[in-house]
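Enquirer: The structure follows.
The values are calculated or read from the model by the stated rules, or taken from the named source; none is laboratory data. Values in this document were obtained by computation on a predicted structure and should not be read as measured data. Glycine also receives a Cβ, built like all others from the backbone with ideal geometry; neighbour counts cover every protein chain displayed.
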Amino acid sequence: MGVLCGSCNTPTLPIPPPIIEALEAPDALGMVEARLVHRHDQEDAVYLLVFNQNTGIWAGAPRVTDPDYAFRVRIAASIGNCLVAYFMIAPGEVSDRSDAVCVPPP
């Protein structure tokens, strides 16, 4: 007996990676805010995941209603730490990673 699977052979298109806007120096609490402008937004993305490559820390945030930014994610980071981001469309469905953006000095 065969199994019918209508979508099994349907290719999925890669989800474009986010583009993080330039970061500012960490605040007094050692946090930076990764911002994603709407022109670099993926319409179906419901969550933005940010990874600090130097510390291994992850942070995430859902889409916001800010007219200038689609996502704002606060993450612990020091000067020189590099962050990458991923869009999450659904559980287990994420984009390619963004280019790394490093935290600048003040």
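Enquirer: Using beta carbons and a limit of 7 Å, which pairs, at least six apart or on different chains, have the first residue in the stretch 14-32 and closer than 16 Å to Tyr69 by Cβ and the second one assigned to a loop (DSSP other than H, G, I, E, B) and charged (D, E, K, R)?
Expert: Val32/Glu24
Enquirer: Something else now. I'd like the full set of residues that are over 16 Å from Leu23 (Cα atoms) and either of a type in the set (Gly, Ala, Ser) or over 13 Å from the mean Cα position of the chain (by Cα) (or both), limited to the stretch 45-56. Steps first, please.
Expert: Our first condition is that a residue be over 16 Å from Leu23 (Cα atoms); within the stretch 45-56, this holds for 45-47, 55-56.
Ala45, Thr55, Gly56 - these are the residues of the stretch 45-56 that are over 16 Å from Leu23 (Cα atoms) and either of a type in the set (Gly, Ala, Ser) or over 13 Å from the mean Cα position of the chain (by Cα) (or both).
Enquirer: Taking the stretch 68-106 as the search range and keeping residues that are over 11 Å from Leu49 (Cα atoms) and of a type in the set (Gly, Ala, Ser), which one is surrounded by the most Cβ atoms within 10 Å (Cβ to Cβ)?
Expert: This residue is Ala77.
Yes or no, residue by residue, for (1) modelled with pLDDT of 90 or more; (2) touching a Gly at 6+ places or on another chain (Cβ under 9 Å):
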residue: Cys8; (1), (2): no, no
residue: Asp27; (1), (2): yes, no
residue: Arg35; (1), (2): yes, no
residue: Val50; (1), (2): yes, yes
residue: Ala70; (1), (2): yes, no
residue: Asp96; (1), (2): yes, no
